[in-house]
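Note sheet for the following structure.
Nothing in this text is a laboratory measurement; each read-out follows from the coordinates by a stated rule. The structure presented is a predicted model; accordingly, all values stated were derived computationally and were not measured. For neighbour counting, all protein chains shown are included, and Cβ atoms are generated from backbone atoms with ideal geometry for every residue, glycine included.
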Amino acid sequence: DVYKRQGINAEYGILKDQSNTTTLQHYNTTTQHTNMSTNANMNLNELEKAVLSVIPELSSFKGHKGTCGRVGVIGGSREYTGAPFFSARSSLLVGADMAHIFCDHSAATAIKSFGPDIIVHPALCSSLSIADEEKKDEISKKIEDDVSSWFPRLHVLVVGPGLGRDPFVQHVTRLLIQKAKANQLPIVIDGDGIELVMQDTSLISGYAKVVLTPNKNEFERLSKKLNTRSPQELAKELGVTVVEKGEHDVITDGVTSLECQEQGGPRRVAGQGDILTGCIGTFLVWSKDYKGPVQPTLLAAYAACRVVKRANQLAFAKYGRAMTTMNMLDAIGQSFVQLYDSKL
């Protein structure tokens, strides 16, 4: 069939050429430390053991609903309804218990229709929805209070998937990020959330619980703005963890760097970055009490990058060129089992 002609081993996700020589190394994952100062002397086995140590073992689990993670996503607009769903859904597929989406009211019905597992709050509104300009401050304060009232019940916040660039929504989101920091929530920032950081880097500067996940263009724009040349320099300048997504994801806090060489498939779909944010969110919940040579944000992002890369590989092995983001979501569970559950 088409997958055999393309050399795809559907069971293991190995891409081979016609001479049967493996051209994508089977699940090759390493850590790489930069020349920058680091006190993390972990080899690959130690890193993997660290990841396994933070994953809740369901066989001996004695918690309750919510113990394994309550994730909030701020995003979703009239134009973009899929992105926040991919983020929230992936957090559940990795193992979080509950996921909330705080979106523009115009996006809520569409997002609710994608599945019943996610709690959807039609809390935001765009500038076009406000008839009286003089009431903007009053309305923004109400939205800020309503959404942030949930923060004590959340473990982590994802900001940006499908958020859009509406000025009023961006203004309210800026206030919500400040509230999240006051509640000491870990924050994953992606997509249109990164636009907020572009406008005002002081919004996250020095808040070590932030994981920033810029794409290539966003990374280049941020680097130009801050006059940095590498993800390590960018992370150090901002005082946060940066995930530079690519063929080999680089995760760095400016002091310690990890390189995830888990091989994805040859097709990258729109929405893959949104899936990553949700996966990082769940691992951030689990790693929050981790004490070891690397920061919890690094450990969480590294583990999530592996899950997403493997899911991409598995989905491509099954669907080839026809692979979609939903196919990647369907592969998250299998990816997690292969990487982690089988070793617990």
Cβ-Cβ cut-off under 12 Å around SER257, Lys and Arg +1, Asp and Glu -1: the net charge is -4
The chain: percent of C-alpha pairs farther apart than 26 Å?
47
Starting from the exponent 0.38 and prefactor 2.2 Å, build the expected Rg for segment 255-344 from its residue count and divide its actual Cα Rg by it.
1.10
Every cysteine in the chain with no other Cys Cβ under 4.7 Å from its Cβ, please list them in numeric order.
CYS68, CYS103, CYS125, CYS279
For GLN263, other-chain or 5+-apart residues with amide H closer than 5 Å (H placed, Pro excluded) are TYR27, ASN28
VAL158 long-range amide H proximity, modeled H, under 5 Å
GLY72, VAL73, ILE74, VAL188
Translational diffusion coefficient (Stokes-Einstein; Kirkwood radius from C-alpha pairs) of segment 58-127 at 20 °C, 1.002 mPa s, in µm²/s
172
In segment 205-290, which GluC sites (Glu not before Pro) fall in coil by DSSP and have 10 or fewer other Cβ atoms within 10 Å?
GLU247
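Evaluate the charge dipole of the chain about its Cα centre and quote only its size in Debye, nearest 20, assuming +1 on the Cβ of each Lys and Arg and -1 on the Cβ of each Asp and Glu.
Around 540 debye, computed over the chain.
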Checking the cross-link filter: which lysines have an alpha carbon closer than 18 Å to that of LYS141, excluding same-chain neighbours under 8 positions apart?
LYS179, LYS181
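Given contacts defined as C-alpha pairs under 8 Å and at least six residues apart, what's the relative contact order of the chain, whole-number percent? Before the final figure, lay out the partial values.
Working: 683 pairs, mean separation 70.3, N = 344.
The value is 20 percent.
Of LYS136/LYS288; LYS65/LYS112; LYS224/LYS291; LYS142/LYS216; LYS62/LYS245, which pairs sit farther than 30 Å apart, going by alpha carbon to alpha carbon?
Listed pairs above 30 Å: LYS136/LYS288; LYS224/LYS291; LYS142/LYS216; LYS62/LYS245.
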Net charge, PRO293 excluded, C-beta distance under 14 Å - Lys, Arg +1, Asp, Glu -1
-1
Contact order normalised by residue count of segment 213-277, Cα under 8 Å, 6+ apart, percent:
25
Which aspartates and glutamates have a Cα less than 19 Å from the Cα of LYS135, not counting those fewer than 8 places away in the same chain?
ASP104, GLU144, ASP145, ASP146, ASP166
Show me, bin by bin at 10 Å from 0, the whole-percent P(r) of segment 169-304 based on Cα pairs.
12, 46, 35, 6, 0
Please list, in chain and number order, the residues 5+ apart from HIS121 or on another chain whose amide H is under 5 Å from its amide H, with Hs placed from the backbone.
ILE101, PHE102, CYS103
Pairing the Cα long axis of helix 82-94 with the longest principal axis of the chain, what angle in degrees results, from 0 to 90 and rounded to the nearest 10?
60
Over all distinct alpha-carbon pairs, what is the Kirkwood Rh of segment 105-180 in angstrom?
13.4
Once you list every other residue whose beta carbon is under 14 Å from the beta carbon of PHE151, what net charge do they have if Lys and Arg are +1 and Asp and Glu are -1?
+2
Taking every DSSP bridge whose two residues both lie in the chain, the antiparallel percent to the nearest 5 is 30
At 7 Å along the Cα-to-beta-carbon direction for both ARG321 and THR67, put a label point, then send me their distance in nm to one decimal.
4.9
Full-stretch length increase - ALA131, TRP150 - with 0.36 nm per residue and alpha-carbon distance subtracted:
4.1 nm
